[in-house]
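Worksheet for the structure shown next.
The values are calculated or read from the model by the stated rules, or taken from the named source; none is laboratory data. Being a predicted model, the structure only gives us computed values, none of them experimental. Cβ sites come from the backbone with ideal geometry, for glycine too, and all protein chains shown count toward neighbours.
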Amino acid sequence: MSTRHPPQPSPDSWGAGPAQPLPVTKPTRRKAWLTHGATAIVALLIGTAIGANGNDTGNPPTASEKPQAVETTTPTTESEPTSPAPETTEAEPASPAPETTTSEPTPTKDPGPASTFAGDGEYLVGEDIAPGTYKTAGPDDDFGCYWARLKNASGEFDAIIANNNLNGPGRVTLKKGEYFQTQRCQEWVKTG
């Protein structure tokens with residue numbers, strides 16, 4: 001089955017004649033070049049004017065150049081008498097910066113060996129930790145706190161002077177020159 005469409009008027013019946021296609025105009029490369037070129041030149045001139053900063057050479061003013069005088073006036077009202085314009089004065093050159101002296105730091109007294117320490121390790125009494133009596137609150141976990149006084153840091157069994165496993169608080173007296181080894185203990189604090 002075909003459908004019927006109403007008759008379409010012919011192009012001749014609409015006007016003076018057949019429809020003419022509209023002319024397609026393409027921008028010319030010459031016109032685009034002129035537009036972009038003119039924009040670049042204007043931008044260059046503006047940038048040059050901003051960068052000149054009133055200096056003919058383009059370099060910053062040197063210390064030997066004298067500053068220019070600046071004239072200032074104060075506005076007056078009708079009721080005030082008119083005073084003569086203030087004289088122009090030249091700005092005085094800046095005075096050199098005062099010399100600064102660097103003082104040597106005062107030597108601080110060496111704090112000496114620590115009187116509290118925490119964590120696992122082996123410490124030389126008199127150098128790493130101060131000699132004296134120390135106490136701890138006990139183990140920092142469920143495995144107990146181990147400490148040992150040692151003659152030297154050799155790690156040999158016969159270097160042990162005294163040792164103990166603590167499940168609660170404990171004390172130990174340390175002498176200068178011996179080593180103290182601690183494992184899994186809370187902080188040791190010197191009490192005497």
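A few points about this structure:
- Residue check for Lys175: touching an Asp or Glu at 6+ places or on another chain (Cβ under 8 Å), more than 17 Å from Thr116 (Cβ to Cβ), at pLDDT 95 or above and surrounded by fewer than 17 Cβ atoms within 10 Å (Cβ to Cβ): no
- Selection of region 145-158 for residues being surrounded by fewer than 14 Cβ atoms within 10 Å (Cβ to Cβ) and either among the charged types (D, E, K, R) or touching a residue at least 60 places away in the same chain (Cβ under 8 Å) (or both) yields Lys151, Glu156, Asp158.
- Residue that is nearest to Gly132 (Cα to Cα), among those in region 166-192 that are of a type in the set (D, E, K, R) and part of a loop (DSSP other than H, G, I, E, B): Lys175
Residue by residue, here is whether (1) under 27 Å from Asp110 (Cβ atoms); (2) in contact (Cβ under 8 Å) with a residue 60 or more places away in the chain holds:
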| site | (1), (2) |
| --- | --- |
| Val125 | yes, no |
| Gly132 | yes, yes |
| Phe143 | no, no |
| Ile160 | no, no |
| Leu166 | no, no |
| Gln181 | yes, yes |
| Glu187 | yes, yes |
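- Looking only at region 161-189, and only at residues there that are among the hydroxyl-bearing types (Ser, Thr, Tyr) and under 14 Å from Gly121 (Cβ atoms), the one that is farthest from the chain's Cα centre (by Cα): Tyr179
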